[in-house]
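Trainee: I have a structure here, written as structure tokens, and I will follow up with some questions on it.
Derivation of every value follows stated rules applied to the coordinates shown; laboratory data play no part. Bear in mind that the values here come from a model prediction, so they are computed numbers and not experimental data. Cβ atoms come from the backbone with ideal geometry, glycine included; neighbour counts cover every protein chain shown.
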């Protein structure tokens, strides 16, 4: 059986690329397709060193750094990929990959990380953060995103079967596309995170430092609790702004390699999380180390953190709500077992992902006479 795997773009190795890596493990002879491929050489092992078939956007000026500027061309570009030779097509989509064209004799299964965020639920937030609420550029951006929404909705009918990375995203798929989706959680490399029972007197958070991660909210909360230590791992466009807000009890380490991240996740008394994520891999990785998670109780965290068992879910995305959760954690009224927390995290391992994907694909492929 010839298999094609289509991904939006290859520029880094993050959560959606981990899904592609596991799909390639399941289907090692599959061919890879994408709008662009600028994956750094040292990360190509995650793509099994495969050649990626790309679109004309790959050759456009400044595409390597500013590929998002070509959003208006992406629907047209993805439709130019010729997948007619493949019986099974799997798209890994958070933008336009699901819009590929297939024939009646092909099966198209879409692993949907989310409908296009900046065209749907983050539309107003995106315009504000990009300074595009008014003026000629703002009007142009709104027109492009209006067109993208029409195209995105219409292309949902090109997918035979949707997979969502969480129940939270399944509800979003139902809302935006009016389609049902099977929930299969993304693969977490639980095996590379080992249990550590002894915790030290500091909290940790880690993420890309962009506005929706709400790291500024975490900093503000800890600034009001100077007796509590916080370590922040990660970099991004908001790094300097957040560093200026940090108080002496807050340490910003910037980007750190895996071994350093793992060490801090193992030793921290708790992992703090303030984003409304579609799934959220880092809270699961922290739990794989036996570390409880204090997270905003909306989005994927509701499905990955057991409230009062493997962590605390706080109800509002505010400094006051987070502070109250930390004080409850500090009170000692709740007892967290590192081994039980680790056991819960193992539900999200790579073997579970592969087995569920394989079973679903097998059930959805048409039987031959």
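Trainee: Classify segment 282-356 as rounded, prolate or oblate, taking a ≥ b ≥ c as the square roots of the eigenvalues of its Cα gyration tensor: rounded when a/c is under 1.5, otherwise prolate if a/b is larger than b/c and oblate if not. Mind showing how you got there, number by number?
Mentor: Working: a/c = 3.09, a/b = 1.62, b/c = 1.91.
It comes out oblate by the Cα gyration axes.
Trainee: State, to one decimal in nm², a quarter of the convex hull surface area for the C-alpha atoms of segment 12-72, i.e. the direction-averaged projected area. Before the final figure, lay out the partial values.
Mentor: On the way: hull surface 17.6 nm².
For segment 12-72, averaging the hull's shadow over all directions gives 4.4 nm².
Trainee: What ranking do 1, 252, 225 get, fewest neighbouring Cβ atoms within 10 angstrom at the top? Walk me through the intermediate numbers first.
Mentor: Working: 1 11, 252 19, 225 16.
Lowest count first: 1, 225, 252.
Trainee: Shifting gears a bit: How would segment 153-231 be classified by its alpha-carbon gyration tensor: rounded, prolate or oblate, with rounded meaning a/c under 1.5 and the a/b versus b/c comparison settling the rest? Please list the in-between numbers first.
Mentor: Values: a/c = 4.03, a/b = 1.94, b/c = 2.08.
Taking the square roots of the gyration eigenvalues as a ≥ b ≥ c, segment 153-231 is oblate.
Trainee: Past the 20 angstrom mark, what percentage of all C-alpha to C-alpha distances in segment 80-161 do you count? The partial results should precede the final answer.
Mentor: Numbers: 1373 of 3321 pairs.
Here the tail beyond 20 Å accounts for 41 percent of pairs.
Trainee: What is the fewest-to-most order of 54, 247 by other Cβ atoms lying within 10 Å of their Cβ?
Mentor: On the way: 54 20, 247 13.
Exposure proxy ranking, most exposed first: 247, 54.
Trainee: Tell me the volume per residue, in Å³, of the convex hull enclosing the alpha carbons of segment 64-118. Please report the intermediate quantities before stating the final value.
Mentor: Working: hull volume 5.1 nm³, N = 55.
Given the Cα convex hull of segment 64-118, per-residue volume reads 93 Å³.
Trainee: Provide Rg over Rh for segment 1-117; use the alpha carbon set for both Rg and the Kirkwood Rh (inverse mean inverse pair distance).
Mentor: Working: Rg = 13.2 Å, Rh = 14.2 Å.
Rg/Rh for segment 1-117 comes to 0.93.
Trainee: Between helix 319-331 and the chain, what is the angle of the helix's C-alpha long axis to the longest principal axis, kept within 0 to 90° and rounded to the nearest 10?
Mentor: 60
Trainee: Which value at 222 nm does the chain reach when only helices count, each DSSP H run of 4 or more adding -39,500 (n - 2.57), with the total divided by all residues and rounded to the nearest 500 deg cm²/dmol?
Mentor: Working: 14 runs with 133 residues, N = 369.
Helices in the chain give a 222 nm mean residue ellipticity of -10500 deg cm²/dmol.
Trainee: If you line up the Cα atoms of the chain on their principal axes, what length do they span on each, largest first, in Å?
Mentor: Its Cα atoms span 63, 55, 39 Å along the three principal axes.
Trainee: Sticking with this structure for a sec: Using the scaling law 2.2 N^0.38 Å as the reference, what is the normalised Cα Rg of segment 190-348? Let's see the in-between values first.
Mentor: Values: Rg = 14.0 Å, N = 159, 2.2 N^0.38 = 15.1 Å.
After normalising by residue count via 2.2 N^0.38 Å, the value is 0.93.
Trainee: Okay, moving on. So for 318, 251, fewest C-beta neighbours within 10 Å to most, what's the order? Before the final figure, lay out the partial values.
Mentor: Details: 318 16, 251 13.
Fewest to most other Cβ atoms nearby, the residues stand as 251, 318.
Trainee: How far is helix 135-154 tilted, in degrees, relative to the longest principal axis of the Cα atoms in the chain, given as a value from 0 to 90 rounded to the nearest 10?
Mentor: Roughly 70 degrees between the two axes.
Trainee: Using Cα springs under 10 Å in a Gaussian network model of the chain, which residue among 227, 216, 152 shows the largest mean-square fluctuation?
Mentor: 227
Trainee: May I ask for the angle, rounded to the nearest 10°, between helix 350-364 and the longest principal axis of the chain, with both axes built from Cα atoms and the value confined to 0 to 90°?
Mentor: So the helix axis and the longest Cα principal axis differ by about 30 degrees.
Trainee: What is the packing order of peptides 104-116, 176-188, 39-51, 66-78, taking the mean over residues of other C-beta atoms within 10 Å and listing the highest first?
Mentor: Numbers: 104-116: 20.4, 176-188: 18.8, 39-51: 12.5, 66-78: 16.8.
My ranking of the peptides, most packed first, is 104-116, 176-188, 66-78, 39-51.
Trainee: For the chain, calculate the relative contact order in percent as a whole number, restricting contacts to Cα pairs under 8 Å that are 6 or more residues apart.
Mentor: Working: 688 pairs, mean separation 48.5, N = 369.
Taking the mean separation of contacting Cα pairs over the length of the chain, I get 13 percent.
Trainee: Quick one: compute the contact order of segment 190-348, relative version, from alpha carbon pairs under 8 angstrom and 6+ residues apart, as a percent.
Mentor: Numbers: 316 pairs, mean separation 39.8, N = 159.
Computed value for segment 190-348: 25 percent relative contact order.
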